[in-house]
Amino acid sequence: MSEGLNYQFLVDTFFVALSGVPIALIITIVSLLIALPLGFLLALTRINRIPVLNRFAQIYVSFVRGTPVIIQIFIIYSSVPLLLASIFEKYNINMNVYDVNPIWYAFIVFSLNTTAILIEVFRSALSTVSKGQLEAAYSVGLTNVQAFRRIIIPQTLVVALPNICTATVNLIKATSLGYAMSLQEITLRAKVAANVGYNYVEAYIDIFLVYLILCSLVEYLFKLYEKRLRRYKAVNV
Amino acid sequence: MMLEITNIHKSFGNNEILKGVDLQIDKGDVVVILGPSGSGKTTLLRCINFLEKADQGHAIFGDIDVNLKTASKKQIHEIRQKVAFVFQNYNLFNNKTALENVTEGLIIGRKVAKDEAIEIGKKALDKVGLAEKYHAYPSELSGGQQQRVGIARAVALNPDIILFDEPTSALDPELVGEVLTVMKNIANEGTTMLVVTHEMSFAKDVANRVIFMDAGVVVEEGTPKDIFVNPKEERTKKFLKRVLPEDYIFYI
Ligand SMILES: Nc1ncnc2c1ncn2[C@@H]1O[C@H](COP(=O)(O)OP(=O)(O)O)[C@@H](O)[C@H]1O
Ligand SMILES: [Mg+2]
């Protein structure tokens, strides 16, 4: 430490950390693509009190919210390979479970996790759009799907967007836990680089900066999108 | 007969709300339903438009003949093409402008060409006095203006009948007049209307038939004069005494 910061290492490792951004983004995007529709549908089962599914969604949310993400990762990362191994064996598939790219486990963990968060986000957003508008849509001859696509979902999105943004930023940050699955993302890459010369402070500063830039950028994009959606000024919701 | 309903029954849990209601409406009729709150008026209208599923009952809408309990999706869709609804709380689409509110059902529900739908929509908004407000969002309109958009949305569909559920009861008193005027105008054009309202002046001046409902049954029906001047049933008399000023009879 007496030598101060190793600036050369700081700059080099910044780019090493940056090279982990695509992985973090792919995981984020895939998880959102799965969690957004699934979370919305399960939120509908909550709002409409659909017998079994409503209960399932409720329990699911409390399980995911009541446990740390790192534990969820450990559970998926240790149990899914066992499950796969027995399936491979049963159907004589000649494949080693340990050859499976850890990114698949990341997709599973983060999709499941984000779905739970979005169920709650959509549930509260849906409850701000009056049921009367849905009935009005039916009464002018729209089908269920048309009414949701044109009337309910656009308004739900406007209300939910700030929370979806928060969930996305949290998701990006949570991908840093992927190192526990040997996922080659931002944190792991920088830490591996630091291992060589014990330049941990520099590496952590780099990791810090990369997440900060990435998350700020994502927040900015959400703000732009929100402005566009909000044209109709939902003041009377 | 344009609309004939027989023997509607509807319960919520153990609570029987409609206990066998019959209703006949001819083309051009303006029928007002009166009755104390909780008597099942809203539920009746909602069952007619399938926003609520009746437990029993039969309906003839022009050439469509349906069982209100077992109607198919297709039948419901066909009937909704013939029946428009004006809601107590307007229920405008908040993410759409006044004009889009009116054209939505035409373009999406009925597959009318967009240009044509916009023409029809503008005419409907002109008719309710909102020519200046085509592009205003509901949040930018007063309650009275919103309800007039609600009426334009119903009129634009050119339905066989429009159902009104207490269209003025959510409005500030000073805004009631503009909505009643619009309703009077469309009634005078020959629109068939079934109106639940507490506006006795509208019932007296515009309706050709008045129905008094209480506790899930039709107690009495007749011309406005029959009901207001010579009510036969004790329950009708009691209700009217409560809602009409003492000396009302002299104004008729
Ligand atoms: N969805 C519902 N679930 C349970 N009870 C209802 C429901 N809708 C209406 N009711 C009950 O039915 C009764 C009649 O309601 P309604 O038809 O709205 O009467 P009105 O319009 O004449 O005031 C009321 O007591 C109301 O509480
Ligand atoms: Mg009512």
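What separates the Cα centres of region B:66-106 and region A:92-127 is a distance of 39 Å. Longest stretch of chain B clear of exposed loop sites (GluC sites (Glu not before Pro), DSSP loop, at most 12 other Cβ atoms within 10 Å, sites excluded): B:1-188. For B:M213, the residues whose amide H sits under 5 Å from its own are B:L34, B:G35, B:V219, ignoring neighbours fewer than 5 places away on the same chain, with H placed 1.01 Å from N. Only beta bridges with both residues in the protein assembly as shown are counted; by DSSP, about 60 percent of them are antiparallel. Ordering A:Q8, A:I71, A:P37 by Cα displacement along the dipole of region A:1-140 toward the positive end leaves A:P37 in first place; charges were set at the Cβ atoms of Lys, Arg (+1) and Asp, Glu (-1). Sort region A:26-184 into rounded, prolate or oblate with this rule: let a ≥ b ≥ c be the square roots of the eigenvalues of the Cα gyration tensor; rounded if a/c is under 1.5, and if a/c is not under 1.5, prolate when a/b is larger than b/c, oblate otherwise. Verdict is prolate for region A:26-184.
In terms of its alpha-carbon gyration tensor, the protein assembly as shown comes out prolate; a/c meets the 1.5 threshold, and the first ratio a/b outweighs b/c. Ranking B:T70, B:A54, B:I118 by Cα position along the charge dipole of the protein assembly as shown, where only Lys, Arg, Asp and Glu carry charges on their C-beta atoms, puts B:T70 farthest toward the positive end. Angle of helix A:7-18 to the longest C-alpha principal axis of chain A, folded into 0 to 90 degrees and rounded to 10: 40°. Gap in Å between the Cα centre of region B:1-60 and the Cα centre of region A:144-204? One Cα centre to the other: 53 Å. The residue among A:Y179, A:S127, A:N195 whose Cα reaches farthest toward the positive pole of the charge dipole of region A:126-237, with charges on the beta-carbon of Lys, Arg, Asp and Glu, is A:S127.
For A:K227, the lysines whose Cα comes closer than 26 Å to its Cα, not counting residues fewer than 8 places off in the same chain, are A:K131, A:K173, B:K96, B:K133. Dipole magnitude for the protein assembly as shown: about 440 debye, using +1 per Lys or Arg Cβ and -1 per Asp or Glu Cβ, origin at the Cα centre. Loop-resident trypsin sites (Lys or Arg not before Pro) (DSSP state other than H, G, I, E or B) in region B:44-96 with no more than 16 further Cβ atoms inside 10 Å of their Cβ: B:K53, B:K69. Across peptide B:81-92, the average count of Cβ atoms from other chains found within 10 Å of a residue's Cβ is 3.
Rank A:R55, B:R148 by accessible area, highest first, at a 1.4 Å probe radius?
Descending accessible area places them as A:R55, B:R148.
Distance between the C-alpha centres of region A:11-72 and region B:123-201: 46 Å, rounded to the whole angstrom. The charge dipole of chain B, taken about its Cα centre with unit charges on the Cβ atoms of Lys, Arg (+1), Asp and Glu (-1) only, comes to about 480 debye.
Quick one: ranking B:S139, A:S86, B:S39 by accessible area, 1.4 Å probe, largest first, what do you get?
Values: B:S139 35, A:S86 65, B:S39 0 Å².
Order by accessible area, largest first: A:S86, B:S139, B:S39.
Residues A:Y77, B:Y134 ordered from highest to lowest accessible area at a 1.4 Å probe: A:Y77, B:Y134. For B:M200, the solvent-accessible surface computed with a 1.4 Å probe is close to 20 Å², ligands and nucleic acids excluded. Partner aspartates and glutamates whose Cα lies under 13 Å from the Cα of B:K232, excluding those fewer than 8 positions away in the same chain, are identified as B:E220, B:E221. Oblate is the label for region B:87-135, because the ratio a/c of its alpha-carbon gyration tensor axes (a ≥ b ≥ c) is 1.5 or higher and a/b is not greater than b/c.
The values are calculated or read from the model by the stated rules, or taken from the named source; none is laboratory data. Remember, predicted model here, so these are calculated numbers, not experimental data. Cβ coordinates were reconstructed from backbone atoms using ideal geometry, including for glycine residues, and neighbour counts include every protein chain displayed. SASA here: full protein model, heavy atoms, side chains in, ligands and nucleic acids out. Shrake-Rupley method; radii C 1.70, N 1.55, O 1.52, S 1.80 Å.
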